[in-house]
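Participant: Dumping the structure here so I can ask a few things about it.
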Amino acid sequence: MDESIAPGAREFHTTRWSMVLDAQRESDATRMHSALAALCRDYWYPLYAFVRRRGHAPHDAQDLTQAFFADLLERQISGVDPSRGKFRSYLLGALKHFLANDWHRSTAKKRGGGHVMLEWDALDAESRFALEPSDALSLDAEVLYDRRWALQLLEKSMVKLQAEFEAKGERERFVVLKATLGNANPAPADLATSLGMTEGAVKVAVHRLRQRYRDILREEISQTVMSPAEVDAEMRHLVAVLRHA
């Protein structure tokens, strides 16, 4: 066994981001598009919020975000260094480059080139943007992007965690226990009363819930980086972003 390889490193050969880069190197456009599209759908709102914060009107922001995704798929992600290839950072850099060069793009042709990746009416993007806290609208666009990235990761991980509980027929237990994942700090005695459990059993359940939530969050992050070390770095970045949210 090669001890120079960090534990868990091999599993990163099959993450969504590594699939994109591998397919790009192998000129497998179909596989690359599929893996990239899955990643981009998770990032549409942070990108949309970034474009809006840069001063673009709602309809223009929708067109630009749609066009950016189409452009990204058509160019097949060239020039990405896998050793520095965090998808979060790559995507923001690519969007900034796209916006900086948008002035010379033809306006006679609808942005996006006819490729529809996002159904804006169903997403209700502007209504979501209107619900941003007042302080968010004063943030630098990059800071807002990172905040939306972090909160979206938390939300997606929470949805997955709830689905696991529901699959076990424990929806009500999840509804009660999930309060321990936020800022609230309900007393174990109160949780025990609500769930008909002993306080000791509640403490064990809360510990397992928090551990599973962290595991799911790490799994989600791992899909967008190239190594276990980058997962740790992204987790630290996530905590830093949320601390100032």
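The values are calculated or read from the model by the stated rules, or taken from the named source; none is laboratory data. All figures in this text were calculated on a predicted structure; none of them were measured in a lab. Cβ atoms come from the backbone with ideal geometry, glycine included; neighbour counts cover every protein chain shown. SASA here: full protein model, heavy atoms, side chains in, ligands and nucleic acids out. Shrake-Rupley method; radii C 1.70, N 1.55, O 1.52, S 1.80 Å.
Participant: Consider the range 176-231. How many of its residues are assigned to a helix (DSSP H, G or I), within 22 Å of Gln152 (Cα to Cα) and not hydrophobic (A, V, I, L, M, F, W, C)?
Facilitator: Qualifying residue count, the range 176-231: 14.
To keep it simple, each residue is scored yes or no on (1) in a loop (DSSP other than H, G, I, E, B); (2) modelled with pLDDT under 80; (3) over 19 Å from Val231 (Cα atoms); (4) in contact with a Gly (Cβ under 6 Å, 6 or more places away or on another chain).
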site	(1), (2), (3), (4)
Met1	yes, yes, yes, no
Ser18	no, yes, no, no
Ala23	no, yes, yes, no
Gln66	no, no, yes, yes
Ser78	yes, yes, yes, no
Ser83	no, yes, no, no
Tyr90	no, no, no, no
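Participant: Report the residue count in the range 181-213 for those that are closer than 17 Å to Glu164 by Cα and surrounded by 15 or more Cβ atoms within 10 Å (Cβ to Cβ).
Facilitator: The initial filter retains those residues of the range 181-213 that are closer than 17 Å to Glu164 by Cα, namely 181, 205-213.
Among the residues that remain, those that are also surrounded by 15 or more Cβ atoms within 10 Å (Cβ to Cβ) are: 181, 205-206, 209, 212-213.
Counting residues in the range 181-213 that are closer than 17 Å to Glu164 by Cα and surrounded by 15 or more Cβ atoms within 10 Å (Cβ to Cβ) gives 6.
Participant: Confirm whether Ile216 is modelled with pLDDT of 90 or more, within 18 Å of the chain's Cα centre (by Cα), surrounded by 14 or more Cβ atoms within 10 Å (Cβ to Cβ) and under 23 Å from Ala141 (Cβ atoms). Can you show your working first?
Facilitator: Details: modelled with pLDDT of 90 or more: yes; within 18 Å of the chain's Cα centre (by Cα): yes; surrounded by 14 or more Cβ atoms within 10 Å (Cβ to Cβ): yes; under 23 Å from Ala141 (Cβ atoms): no.
Against the criterion (modelled with pLDDT of 90 or more, within 18 Å of the chain's Cα centre (by Cα), surrounded by 14 or more Cβ atoms within 10 Å (Cβ to Cβ) and under 23 Å from Ala141 (Cβ atoms)), Ile216 does not qualify.
Participant: Specify the residue that is farthest from Ala70 (Cα to Cα); the eligible residues are those in the range 39-57 that are open to solvent by 40 Å² or more (accessible area, probe 1.4 Å) and in a helix (DSSP H, G or I). Working first, answer last.
Facilitator: First, pick out the residues of the range 39-57 that are open to solvent by 40 Å² or more (accessible area, probe 1.4 Å): 41-42, 52-57.
Okay, now just the ones that are also in a helix (DSSP H, G or I), so 41-42, 52-53.
On the way: Arg41: 12, Asp42: 15, Arg52: 19, Arg53: 21 Å.
Among those that are open to solvent by 40 Å² or more (accessible area, probe 1.4 Å) and in a helix (DSSP H, G or I), it is Arg53.
Participant: Of all residues in the range 25-50, which are modelled with pLDDT of 90 or more and more than 17 Å from the chain's Cα centre (by Cα)?
Facilitator: Once the filter is applied, which keeps residues that are modelled with pLDDT of 90 or more and more than 17 Å from the chain's Cα centre (by Cα), the range 25-50 yields nothing.
Participant: Let me ask you something else. Quick test of your reading of the structure: Ala163 fulfils all but one of (1) under 21 Å from the mean Cα position of the chain (by Cα); (2) at pLDDT below 95; (3) not aromatic (Phe, Trp, Tyr). Name the failing condition by number.
Facilitator: Answer for Ala163: the failing condition is (2).
Let's see how each residue does on (1) part of a loop (DSSP other than H, G, I, E, B); (2) of a type in the set (D, E, K, R); (3) modelled with pLDDT under 90; (4) open to solvent by 80 Å² or more (accessible area, probe 1.4 Å):
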{"residue": "Phe129", "(1), (2), (3), (4)": "no, no, yes, no"}
{"residue": "Asp146", "(1), (2), (3), (4)": "no, yes, no, no"}
{"residue": "Leu151", "(1), (2), (3), (4)": "no, no, no, no"}
{"residue": "Val159", "(1), (2), (3), (4)": "no, no, no, yes"}
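Participant: Among the numbered criteria (1) of a type in the set (Gly, Ala, Ser); (2) open to solvent by less than 50 Å² (accessible area, probe 1.4 Å); (3) farther than 14 Å from Leu21 by Cβ; (4) at pLDDT below 85, which single criterion is violated by Ser106?
Facilitator: Answer for Ser106: the failing condition is (2).
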